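This report refers to the structure that appears directly beneath it.
The values are calculated or read from the model by the stated rules, or taken from the named source; none is laboratory data. Computed from a prediction, not measured in an experiment: that's the story for all the values here. Cβ: placed from backbone, ideal geometry, glycine included. Neighbour counts: every protein chain shown. The accessibility values were calculated without ligands, DNA or RNA, using every heavy atom of the protein model including side chains. Shrake-Rupley method; radii C 1.70, N 1.55, O 1.52, S 1.80 Å.
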Amino acid sequence: ICSEHLQKLTECQMIKDIIRKLRVNALHGIANIRAGSIEPKESLLIIAPHPDDEVIGCAGLIQRSLNKGNDVYVIILTGGEASHNGCCGITSQELITARRGLAININRKLGIPTKNLFFLDYPDGKISYNHQETDKLSRLIKNIHPHAIFIPHKGEGWNDHIQAGNIIRRITKEMTDIRLYEYCVWFWYYNTWKIDWKNAQLLNMTKEEHLKKKKAIDKYIYPKAPCGKPWSGTLPKIFIHANRWNKELYFKIR
């Protein structure tokens with residue numbers, strides 16, 4: 001009975017993965033037709049819930065903006081310590097140290113100076129506006145005061161990503177001179193169909209930008225912890241496939 005149940009679960013997962021892949025391909029096609037284009041012209045700030053979101057969602061944008069001589073800042077809200085929850089004997093601090101080390105090296109190779117990379121201590125899996133780190137985040141944004149802020153898409157389906165976006169919306173409510181955009185990470189994986197295509201904007205990466213992004217993603221998802229699993233956790237294949245696209249999708253909020 002257990003064997004039959006396991007087989008049914010496996011078959012169910014395979015069907016879900018096929019549906020997800022069809023959806024990803026469909027969205028890529030729709031974006032090619034309906035989305036406008038985005039070309040960064042001024043300073044920008046990327047809000048990443050975890051170490052890797054900034055690269056998975058925005059590595060092309062980061063490169064393009066830096067190549068144009070614009071300042072790029074990244075604030076990573078958590079240490080990503082939940083990636084090995086209940087998996088092994090690694091302490092939370094060991095995980096945080098390792099994942100932040102990867103973030104520093106990877107972002108430096110993309111061209112972001114270490115002084116433009118900030119780490120906050122929201123608890124992984126429990127990002128909330130009411131946490132004490134929100135005051136620090138608010139001060140950072142006021143000090144940086146970028147022309148544009150990029151937050152995770154509201155349809156990400158991952159609570160930390162949704163809360164990160166909500167927090168920035170509240171903090172910047174009165175900062176009407178700062179433009180807001182959404183970027184896509186888990187958007188590709190979850191069944192999000194309510195999409196604001198009229199405000200969609202596409203970044204077409206050059207071959208060099210695309211290659212550099214894929215290498216940056218690999219540097220996040222392949223290095224392994226002592227337990228043998230990646231520091232970033234085991235990410236679904238369709239998720240990785242979707243985010244290796246040679247384009248990046250953004251949505252202008254204001």
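Residues that are under 28 Å from residue 236 (Cα atoms), out of contact with any strand residue (DSSP E or B) (no Cβ under 7 Å at 6 or more places or on another chain) and surrounded by 14 or more Cβ atoms within 10 Å (Cβ to Cβ) do occur in region 128-149, at least one of them.
Conditions (1) of a type in the set (Val, Ile, Thr); (2) at positive phi; (3) modelled with pLDDT under 95, marked per residue:
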| site | (1), (2), (3) |
| --- | --- |
| 146 | no, no, no |
| 156 | no, no, yes |
| 168 | yes, no, no |
| 187 | no, no, no |
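For region 219-250, the candidate set comprises residues that are closer than 21 Å to residue 97 by Cβ and part of a helix (DSSP H, G or I); within that set, the residue that is most open to solvent (accessible area, probe 1.4 Å) is 219.
Applying the selection to region 99-127, what residues are open to solvent by less than 80 Å² (accessible area, probe 1.4 Å) and over 18 Å from the mean Cα position of the chain (by Cα)? Correct list: 113, 114. Against the test of being over 27 Å from residue 83 (Cβ atoms) and part of a helix (DSSP H, G or I), the options 208, 174 yield a single qualifying residue, 208.
Here residue 59 does not fit the description of being surrounded by 18 or more Cβ atoms within 10 Å (Cβ to Cβ), more than 16 Å from the chain's Cα centre (by Cα) and small (Gly, Ala, Ser).
Across region 68-90, the qualifying residues are those that are over 21 Å from the mean Cα position of the chain (by Cα) and either at pLDDT 90 or above or not in a loop (DSSP other than H, G, I, E, B) (or both), and the one among them that is surrounded by the most Cβ atoms within 10 Å (Cβ to Cβ) is 68. Scanning region 202-254 for residues that are of a type in the set (Lys, Arg) and over 25 Å from residue 180 (Cβ atoms) yields 207, 212, 214, 215, 219, 224, 229, 237, 244.
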